[in-house]
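Here the structure comes first, spelled out in structure tokens, and everything after it is commentary.
The values are calculated or read from the model by the stated rules, or taken from the named source; none is laboratory data. What you see is a predicted model, and the numbers here were worked out from it, not measured in a lab. All Cβ positions, glycine included, derive from the backbone under ideal geometry; neighbour counts span all protein chains shown. Surface accessibility is based on the protein's heavy atoms, side chains included, excluding ligands, DNA and RNA. Shrake-Rupley method; radii C 1.70, N 1.55, O 1.52, S 1.80 Å.
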Amino acid sequence: QVQLVESGGGLVQPGGSLRLSCAASGSISSINTMGWYRQAPGKQRELVAAATEGGITNYADSVKGRFTISRDNAKNTLYLQMNSLKPRDTAVYYCNGRLRNSRVVAGKIITDYWGQGTQVTVSS
């Protein structure tokens, strides 16, 4: 079992910055890659950034050069530094952890753990 808890969301003006945090607890060794996803009203959830436990990262084209993902394995915490925020960044941001091995729970195949999300609103 893994629990992921996001924090750091809020209201910010265009051009501002926020730092999101995701605290992981439980069977952390069962997690491989971690990442941030976001979902805006009327849109599908999309990958924002991901980081392997070895530090390899990738980003959505829309956030390259503005966002930075990092992970502190000693503190079991994932971060997303968001700079030069735009109104189109407004969404609920979710922390994600990919399982090394899938689990079957109540007949369903579980491949990932998710946090509950934190709201980011970019508006003047």
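Could you state the number of Å between the C-alpha centres of region 62-124 and region 1-27? Going from one Cα centre to the other spans 8 Å. Please list, by residue number, everything in region 67-83 whose backbone N is under 20 Å from a paramagnetic label point 7 Å out along Cα→Cβ of I28. Of the residues in region 67-83, 69-81 have backbone N under 20 Å from the label point off I28.
Modelled spin labels at Q39 and V104, positioned 7 Å past Cα toward Cβ, are 2.7 nm from each other. Backbone phi angles across region 108-123, fed through the Karplus curve with coefficients 6.51, -1.76 and 1.60 (θ = phi - 60°), yield HN-Hα couplings of 10, 8, 9, 10, 9, 10, 10, x, 7, x, 9, 7, 10, 10, 10, 7 Hz in residue order; Gly and Pro are listed as x. Listed values for region 57-72 are Karplus-derived 3J(HN,Hα) couplings in whole Hz (6.51 cos²θ - 1.76 cosθ + 1.60, θ = phi - 60°), namely 10, 8, 9, 5, 4, 5, 10, 4, x, 10, 10, 9, 9, 8, 9, 10, and x replaces Gly and Pro.
What a 1.4 Å probe finds exposed on the chain is 48% carbon and sulfur by accessible area, rounded to a whole percent.
Put a plus charge on the Cβ of each Lys and Arg, a minus charge on the Cβ of each Asp and Glu, and nothing anywhere else: the dipole of the chain about its Cα centre is then about 140 debye. The alpha-carbon atoms of the chain define a convex hull whose volume equals 103 cubic angstrom per residue. W114 sits among other residues whose Cβ lies under 11 Å from its own Cβ, and their net charge, with Lys and Arg +1 and Asp and Glu -1, is 0.
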